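Have a look at the structure below, then the notes.
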Amino acid sequence: MTIFKNALVQLKNAAEAAGLDPVVVEVLKHPKRILQVSVPVVMDDGAVKVFEGYRVQHNDARGPFKGGLRFHPKTDLDEVKALAFWMAIKCAVVNVPFGGGKGGVAVDPKKLSSGELERLSRAFIRAIAPVIGPDVDVPAPDMNTTPEIMAWMVDEYARVTGKFQPAVITGKPIAIGGSLGRTAATGRGGLFALEEWRRRANLKAKDLTIAVQGIGNVGFWFAKLAREAGYKVVAISDSKGGVYATAGINLDKALAYKKEHGNLKGFPADKEISNERLLELPVDVIVPAATENVLTDKNAGRVKARVVLELANGPTTPEADFKLAKKGITVIPDVLANSGGVAVSYFEWVQNRTGYYMTEAEVNDKLKKLMVEAFYDVAGLATDKSLTLRTAAFALAVRRIAEAQQARGWR
Ligand code: NAD
């Protein structure tokens, strides 16, 4: 099954379980617009290499399309379509006035020099410039894209349009209108969601162990903040594998080690652990924070955690979802759990447009309010209608999108 098909199964499940408007469901099965671009880049040796890039604009009933740009060798149209669709759902769940979009380039950025990466970033934004803009479509960082890359893109967009418009892209460095708190926002938002689950389950943070797959921007900040909140983070990983320590892992030391050695191999811990085994550890919380389809029909039966906090997009296939639900394992779905990133992107966009800049404490407070409201909107519907959190999140989002479509007379 392709990732986009998985996303459509999730939509179908929600439509059946919650009796959603069939017209809106039909509309949401299709992206509104797909742009595919070829991006020629002059490499350091003078040769020209052409990269494939995409921007998918799924739905903009509630506001401008919104969603990250990914640089990854496995990025393809199917993946970007799924991610754009999930963004439309996510923005509606966390109730920010955006639709859903996503983009990406099929490239391994680790194989590029800094100059090549900058030329690729600038060329890609030039290629999609005709379809983006602060009122139209607002990109942001995703896998392997950073605030520095966002800065190059904003600058290139200013050259193309003749006007510096920071609100065209979020996740920028602070110096050019980025929001305080944005870098940690997705991880922090994930922690707020986990905290609400924990309170409802009447558990104490100090009694809960956590394993995090993918210690990148999202996974690192989540793990660091979870540890500070009293949870015990006992396993972490990156694309090369992971480490496990029963006494807990010091995240700052792990980050420094990864910076020095490129990965976690050899980081002092009780033992090394594969990415596959990490998800099967006897911990309370597993946190896929790297990539799609890591919990499948094959390994879902071996998951021992009480809760899966999905910080990556699309880590669980529909078959795995079914198995996890049958085992009584709660999945806090991506469209809720990782929506903190887009929530603070929304604050960044507002700050750019109004010229009033908030303190980090203000941003974090507002993030908490949105996340807690979204959690209870979803959890309340799940309890009322006996739905999983994912199905409830989809049902809530589709209803909100339907309301906007109807108000605009789209049907
Ligand atoms: P990132 O590039 O900063 O980090 C990705 C991490 O995952 C790296 O440590 C990498 O080594 C690791 N990794 C890659 N493939 C792996 C694999 N197969 N197994 C284990 N680890 C692997 O990316 P990020 O921004 O942290 O994004 C991670 C996930 O979170 C993605 O699914 C992304 O779509 C999602 N997400 C990101 C944001 C955001 O604000 N950055 C917001 C919402 C969702």
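The values are calculated or read from the model by the stated rules, or taken from the named source; none is laboratory data. These numbers were taken from a predicted model, which means no experiment stands behind them. Positions of Cβ are backbone-derived with ideal geometry, glycine not excepted, and every protein chain shown enters the neighbour counts. The accessibility values were calculated without ligands, DNA or RNA, using every heavy atom of the protein model including side chains. Shrake-Rupley method; radii C 1.70, N 1.55, O 1.52, S 1.80 Å.
Only Lys, Arg, Asp and Glu carry charge here, each on its Cβ (+1 for the first two, -1 for the last two); on that basis the chain has a dipole of about 480 debye about its Cα centre. For the chain, the share of DSSP beta bridges that are antiparallel, to the nearest 5, is 50%. The heavy atoms of Glu26 present about 90 square angstrom of accessible area, all protein chains included, probe 1.4 Å. Compactness ratio for segment 316-360: Cα radius of gyration over 2.2 N^0.38 Å (N = residue count) comes to 1.84.
What percent do you get for the relative contact order of segment 10-78 when only Cα pairs under 8 Å and 6+ apart count? Could the numbers behind the result be given before it?
Working: 57 pairs, mean separation 16.4, N = 69.
Worked out over segment 10-78, it gives 24 percent.
For Cα pairs less than 8 Å apart in space and 6+ apart in sequence, what is the mean separation divided by the residue count of the chain, i.e. the relative contact order in percent? Spell out each step's value before the answer.
Working: 876 pairs, mean separation 70.5, N = 411.
The normalised contact order for the chain reaches 17 percent.
Please identify, among Thr186, Thr161, Thr354, the residue showing maximal mean-square fluctuation in a Gaussian network model of the chain using a 10 angstrom Cα cutoff. In this elastic network of the chain, the residue with the biggest mean-square fluctuation among Thr186, Thr161, Thr354 is Thr354. Solvent-accessible surface of protein heavy atoms, probed at 1.4 angstrom with all chains present, puts Tyr231, Tyr376 in the order Tyr376, Tyr231, largest first.
One quarter of the surface of the convex hull around the alpha-carbon atoms of the chain equals 19.2 nm², the direction-averaged projected area. Find the centroid of the Cα atoms in segment 313-342 and in segment 1-63, then give the distance between the two in whole Å. If we compute the Cα centre of each part, the gap is 20 Å. Under the convention that each Lys and Arg Cβ holds +1 and each Asp and Glu Cβ holds -1, the size of the dipole of segment 185-337 around its Cα centre is about 420 debye. The candidates Glu156, Glu260, arranged from most to least accessible area with a 1.4 Å probe in the full protein assembly, appear as Glu260, Glu156.
Ranking Leu117, Gly133, Ile149 by Cα position along the charge dipole of segment 32-174, where only Lys, Arg, Asp and Glu carry charges on their C-beta atoms, puts Gly133 farthest toward the positive end. Label sites at Ala47 and Lys271, each approximated as a point 7 angstrom past Cα along Cα to Cβ, lie 4.4 nm apart. The heavy atoms of Lys232 present about 80 square angstrom of accessible area, all protein chains included, probe 1.4 Å.
Straight-line reach from Lys49: taking Cα to Cα under 19 Å and skipping same-chain neighbours fewer than 8 places apart, the lysines in range are Lys74, Lys110, Lys111. Looking at the chain, the accessible area is 40 square angstrom per residue; that uses a 1.4 Å probe and ignores ligands, DNA and RNA. Taking the Cα centre of segment 23-179 as reference, the dipole from Cβ charges on Lys and Arg (+1) and Asp and Glu (-1) amounts to some 320 debye.
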